[in-house]
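Report on the structure given below.
None of the figures in this text is laboratory data; all of them are computed from the coordinates on show. Bear in mind that the values here come from a model prediction, so they are computed numbers and not experimental data. Cβ placement follows ideal geometry from the backbone for every residue including glycine, while neighbour counts extend to all protein chains displayed.
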C-alpha cells in the first residue's frame, strides 16, 4: 500500500503533467524581451496561456512545497486526508483539461509562399 506521502506526490505529479499538456497545446506566453528571464514553473506560466485554469494553478503551486517534502521522505509530510484531497483535485483538474483540449479548435498551418 502506498503511503500518504507517495499518494500526494503522485497526485501532484499527475496534475503537473496535465499542466504540461496544456502548455504543449496552447504554446508559450507572448515572447519576452531578449534578456534572459528566470526559469518559471509550469504553475507560473499556465495562467498566462490558460487564464481559465488560474485558480487550479495557484492551488497546485501552493502544494509544490509539500510535494517536495513528501518526495524527500520526510515522515508525515502530509496526512491521508491531504493526500486524498489532492488525488480528487488532480483527477478533477485532469478531466477539466481533457474537456478543454478536446473542444479546442485545431490550428491549421498557413500556406507558405511555396504552396500558393
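Based on the mean of other Cβ atoms within 10 Å per residue, sort peptides 82-90, 60-68 so the most packed one is first.
Ranking, from highest mean packing down: 82-90, 60-68.
How far is it, in nm, from the label point at residue 52 to the one at residue 17 when both lie 7 Å from their Cα along the line to the Cβ?
Each label point is offset 7 Å from its Cα along the Cβ direction, giving 2.4 nm.
In nm, give the distance between the simple-model label positions of residue 100 and residue 6, each being 7 Å from the Cα along the Cα-to-Cβ direction.
Calculated label separation equals 3.1 nm.
By how many nm would the segment from residue 59 to residue 79 lengthen if fully extended, with 0.36 nm per residue of separation less the alpha-carbon distance?
Between residue 59 and residue 79, full extension yields an extra 5.5 nm.
Starting from the Cα-Cα distance between residue 44 and residue 72, subtract it from 0.36 nm times their residue separation and give me the gain in nm to one decimal.
Gain on extension, residue 44 to residue 72, equals 7.8 nm.
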